[in-house]
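Structure first, commentary second.
The values are calculated or read from the model by the stated rules, or taken from the named source; none is laboratory data. Just so you know, these numbers come straight off a predicted model, no measurement behind them. Glycine gets a Cβ as well: all are built from the backbone with ideal geometry, and neighbour counts include every protein chain shown. Surface areas here come from the heavy atoms of the whole protein model, side chains and all, with no ligands, DNA or RNA. Shrake-Rupley method; radii C 1.70, N 1.55, O 1.52, S 1.80 Å.
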Amino acid sequence: MEDKNMSKKLPKGFLWGGATADFQYEGGFNESGRGLLSHDYETDGSKEHPRHHTMKMPDGSIIEPKSSFILADSVPTEAEPVFLDDEYYPSHNAVDFYHHYKEDIKLMAGMGFNIFRFSVCWSRIFPTGEEAEPNAAGLKFYDDVINEMAKYNMEPLITICHDEMPMNLALKYNGWTSRKVIDAYVKYAKTLFEHFGNRCKYWLTFNEINAVRGFGPTGVRNSEGQDRYQADHNMFVASAKAVKLGHKLIPGSQFGTMFAMSGAYPATCKPEDMFHYLQEKRENWYFIDIMGRGYYPEYAAELLQRHNVKELHMEPEDAQILKEGQLDYIAFSYYRSNTTKAGDDWFNVGGDSNPYLKETPWGWPVDPLGLRYTMNEVYDRIQKPIFIVENGMGAVDKADENDYVEDDYRIDYLKDHLSAMADAINIDHVPCLGYTMWAPIDLVSLSTGEMKKRYGFVYVDMDDKGHGTLKRTPKKSYNWMKHIIETNGSALDE
Ligand code: BGP
């Protein structure tokens, strides 16, 4: 499949960078007037012991872990979030970008990044989500970050909302099920546009909006069915309103939303498996079609019925809002591919293992060609530029006595994925704005809350319980990536 004669050199102006999320990276939990965030009550975990939220039930008992991300549907609304002395909450300090931003930005600049994707912590700007005025100290932190980046000609790609919301909004309104949250979000987005718009052209309204995570993107307790799809509709409207406003306030601004994309394959060529695959794909296309084309597709009725959704509440003006607030580009994360077959659950992320692919230690199949396939598929469908805003490999790194890591496996993963991306751009002519690798500096894993699932070009001395010096040390992949960026991809041919 790879064309050996076609250079991997990328078009001039290609954006090279890294991506992070505030609650996995930033810390600074008690600083600059930051309010409580939905992720603050999430414990650490592992593959064997899922993360959970610590909530006190009305009778004083504490809920049991149910599954990662999802706050048990059975938790009554009167239950209160609570911090427990014997639990560890990784979002509180994360890897402390809050106090290391100068050092981290310098390290990223050292690799030649011309863009850095980070998310603003909503509750640092509006602590409960409902204040009339933003928190000036919170805005100042991001001012400092963006100004530091400017010293190295690195531009920001800001995620307005990365799977989170002020805890107050999640509890009071059952997250995005309420249209009140649309207003809170638009006020928050407007504040960011007014404050940072003169220095930020690229924006993402949401992270992985299509992922199913209660208390994650939707902040909703019941993460399936009626509430979930109502929450999604409200997020579509909020995103479209923000896009329209952003275009008005920031001339030349470019808006995307980030979708979690995996390559997907029918497990066999049995027609039933193929049809199931088509329906499974629509679980994702639903989001991309509505936000990228500005209207609900015909198949939405079947999909919603399949998820026991009776009727979505829509205001008469919503259709026009969705039309006017279409995305400028389609951003996605790509880590792996999945297989699917008739009878599998919808959202059966992963499916059976694929005999043709190797897996990471966390069981994620490694499929670089799937990236080229996904880029083509998304572009063929929506015909708007794409932006790969997350890709990388979570691995167990063994640091030597100087904290140096020889991560050849990461280099192999990235080389194969970047080569596949270059082929999609150079051979298939898929327009792609850039690539931001997850995550340039080691940080806390979203799914497991671990530190040992490391992604970075830079090692951070910290363990799963937050112990360590936080010292940053470039890994072998750091200089490798630097060379790829300084040759604008040509070195992938070496
Ligand atoms: C995406 C999220 C990120 C990130 C990444 C890697 O789903 O947008 O926040 O963490 O996946 O996943 P994990 O950290 O679970 O390995």
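Solvent-accessible area of the chain (1.4 angstrom probe, protein heavy atoms only): carbon and sulfur portion equals 52 percent.
Would you mind getting me the FRET efficiency between LEU249 and LYS172? Use the beta-carbon distance for r and R0 = 22 Å, nearest 0.05. Let's see the in-between values first.
Numbers: r = 28 Å, r/R0 = 1.29.
Calculated transfer efficiency: 0.20.
Using DSSP H assignments, which helices in the chain have an axial alpha-carbon span of 15 Å or above and a mean Kyte-Doolittle hydropathy of -0.5 or higher? Walk me through the numbers on the way to the answer.
On the way: long enough: 97-110 (19 Å, -0.67); 136-150 (21 Å, 0.20); 180-196 (24 Å, 0.04); 225-249 (36 Å, -0.60); 271-293 (30 Å, -1.04); 368-382 (22 Å, -0.44); 408-426 (26 Å, -0.45); 476-486 (16 Å, -0.92).
Within the chain the helices that satisfy the rule are 136-150, 180-196, 368-382, 408-426.
Please compute the length gained on full extension between HIS483 and LYS187, using 0.36 nm multiplied by the number of residues separating them and subtracting their Cα-Cα distance. Display every interim value, and only then the final one.
Details: separation 296, 0.36 × 296 = 106.56 nm, distance 4.18 nm.
The HIS483-LYS187 span can extend by a further 102.4 nm.
When the stretch 67-179 is described by a simple charge dipole with +1 on each Lys and Arg Cβ and -1 on each Asp and Glu Cβ, the residue from GLY138, TYR173, PRO81 located farthest towards its positive end is GLY138. With the highest mean first, a sort of the peptides 119-126, 417-424, 403-410 on other beta-carbon atoms found within 10 angstrom per residue produces 119-126, 417-424, 403-410. Skipping prolines and chain starts, which residues have an amide H placed within reach, meaning under 5 Å, of the one on ASN210, given they are 5 or more residues away or on another chain? Amide H neighbours of ASN210: ALA260. Per residue, the chain exposes 39 Å² of solvent-accessible protein surface, assessed with a 1.4 angstrom probe and all protein chains in place.
Mind checking the full-extension length gain between GLU78 and ALA150? Use 0.36 nm per residue of separation minus the Cα-Cα distance, one decimal, nm. Working shown, then result.
Working: separation 72, 0.36 × 72 = 25.92 nm, distance 4.61 nm.
Working it through step by step, the gained length comes to 21.3 nm.
For TYR459, the residues 5 or more places off, or on other chains, whose built amide H falls under 5 Å of its own are THR473, LYS475. In whole Å, what is the distance between the alpha-carbon centres of the stretch 190-207 and the stretch 320-382? First find each Cα centre; the distance between them is then 27 Å. Amide H contacts of ILE62 (H built 1.01 Å from N, in plane; Pro and chain starts excluded): MET57 sit under 5 Å, all sequence-distant by 5 or more or on other chains. Multiplying the residue separation of THR469 and GLN383 by 0.36 nm and subtracting their alpha-carbon distance yields 26.3 nm.
Rounded to whole Å, give me the distance from the Cα center of the stretch 94-153 to that of the stretch 396-472. The two parts, judged by their Cα centres, are 20 Å apart.
Using a Förster distance of 35 Å, how high is the FRET efficiency between ASP143 and HIS49, based on the Cβ-Cβ distance and rounded to 0.05? Before the final figure, lay out each step's value.
Values: r = 39 Å, r/R0 = 1.12.
FRET efficiency, ASP143 to HIS49: 0.35.
Between MET57, TRP285, ASN338, the Cα set farthest toward the positive side of the dipole of the chain (charges on each charged residue's Cβ, about the Cα centre) is that of TRP285.
Each of LYS358 and ASP400 was given a label point 7 Å from its Cα along the Cα-to-Cβ line. The distance between the two points is 2.2 nm.
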